[in-house]
Amino acid sequence: MRSPNEGATGYKPFILIAVASGFWLVALASFHNYRDAQTRPANSDCCRGAISNSNPVPSESRPVSKQEPAASSRELASLAEKDPLAAAARMVDLTESQQVELAASIASSWGKREPELAAAWAREQLQGEARDQALLSISADWAAVNPVAAAECGLSVLSEGRRQEFLKTVGMQWGRQDSATAIAWGSRLPEGVSRDSILAGISSTLAEISPLKAAQLAASLSDQSLAEESALTVIIEWSRQQPDAAAEWVKQFPAGHLRDQALWNLVSVSSEQSFSLPKSVLLSWPEGSERDMAIRHFLDELLQIQPDQGVDILSAISNEELRHEETERLAQHWLMQDPSAARQWLAQTAVTTQNGQPIPSPDSAP
């Protein structure tokens with residue numbers, strides 16, 4: 001479903017030619033007079049031709065020397081913030097890497113005020129990595145005012161390597177505003193990475209307000225990498241709200257790295273609220289090496305804070321060697337934090353080291 005990239009017209013001609021288009025005078029005046037105003041909604045077809053045959057206002061500042069990269073970067077970053085068009089006129093004097101950096105700065109600053117015009121400039125006047133980075137810099141701002149135009153331009157203009165990131169950002173922003181419309185639009189795209197990128201972005205935003213719907217959306221993705229990434233994002237958000245429900249979803253995952261990582265994320269996030277939550281999940285988890293390693297991960301979360309909270313879950317470790325190792329580790333941490341309580345527990349459990357010797361308390365050294 002990859003759409004072929006449309007070539008950009010290049011930016012050097014518009015830098016070298018003086019301003020001849022009345023459109024640019026209007027655009028520049030608007031930029032100076034209404035730089036803090038709300039951005040205008042788009043009314044063009046993907047901004048094609050919005051600034052064709054136009055030139056940015058040339059800067060009267062001293063040309064930037066390629067021999068001063070550090071100074072140029074600071075100066076132009078400041079200029080891009082204050083006057084994006086003037087900064088654009090300086091690009092011809094820069095190295096390729098500096099052009100890419102400046103293009104992103106210009107688009108980011110301009111996009112906060114007039115994302116449609118910034119997008120048109122990037123699309124029509126830049127090419128290659130400079131164009132792609134400029135469009136990536138305005139993706140969220142553009143999607144906030146016209147997500148359809150942003151998505152369509154992302155599909156048709158960006159290089160394959162940048163398209164996924166752009167479309168995911170558009171999906172995230174669109175999902176915040178109108179997730180139902182965003183899902184409907186994205187679902188109509190042909191199956192593939194571009195479709196999944198938009199839907200993955202929507203899922204990541206939807207996870208904050210409706211984890212179940214986000215989980216269903218993540219499960220519909222055909223691209224394995226995006227599906228797994230989306231699933232882990234959903235687990236993080238769902239674990240904050242309903243760890244037991246999140247655990248039931250993770251149990252449906254096939255055995256392997258994704259399931260392990262999802263369980264670990266569930267344990268870590270739910271531990272932030274209460275240690276009782278992950279313990280409840282782990283004690284109800286199927287016995288085996290998967291649960292053993294998740295318990296070890298859980299102990300990593302609490303031993304530095306409250307080692308005593310791990311006592312009642314040690315017995316759930318099925319592997320005898322690992323259970324012994326984790327019991328010893330818990331005892332050592334507890335002895336450092338609360339020797340009296342730890343010694344009392346040790347007396348009741350007769351915990352020994354792996355070589356059969358009793359675990360020493362901190363004050364038993366000669």
- Message: Past 24 Å, Cα to Cα: identify those pairs from LYS168/LYS251; LYS251/LYS279; LYS168/LYS213, in the order given.
- Response: LYS168/LYS251
- Query: How far is it, in nm, from the label point at GLU290 to the one at ALA341 when both lie 7 Å from their Cα along the line to the Cβ?
  - Reply: 3.3
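Once you list every other residue whose beta carbon is under 13 Å from the beta carbon of GLU228, what net charge do they have if Lys and Arg are +1 and Asp and Glu are -1?
Working: positive: ARG259; negative: ASP196, ASP223, GLU229, ASP260.
Neighbour charge sum, excluding GLU228 itself: -3.
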- Query: How far apart, in nm, are the 7 Å Cα→Cβ label points at SER315 and GLN252?
  - Reply: 3.4
- Note on the structure: Sequence order, the stretch 112-127: Karplus ³J(HN,Hα) from phi using 6.51 cos²θ - 1.76 cosθ + 1.60, θ = phi - 60°, Hz rounded, Gly and Pro as x, gives 6, 9, 9, x, 5, 5, 4, 5, 5, 4, 4, 6, 8, 10, 10, 8
- Note on the structure: In whole angstrom, the spacing between the Cα centers of the stretch 278-329 and the stretch 82-114 equals 54
- Between HIS324 and LYS82, what FRET efficiency follows from the Cβ-Cβ distance if R0 is 56 Å, with the result rounded to 0.05? 0.30
- Note on the structure: Pseudo-spin-label distance LEU232 to ARG74, built 7 Å along Cα→Cβ, given in nm, is 3.9
- Task: Report the local net charge at LEU322: Lys and Arg +1, Asp and Glu -1, summed over other residues whose C-beta lies under 10 Å from its C-beta.
- Result: -3
- Task: State the three equivalent ellipsoid semi-axes of the stretch 253-366, derived from the C-alpha gyration tensor as the square roots of 5 times its eigenvalues, in descending order and whole Å.
- Result: 27, 15, 11
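Read-outs throughout are calculated quantities, based only on the coordinates presented, and are distinct from any laboratory measurement. Model, not experiment: these values are computed from the prediction. Note that each Cβ is placed from the backbone with ideal geometry, even for glycine, and that neighbours are counted across all protein chains shown.
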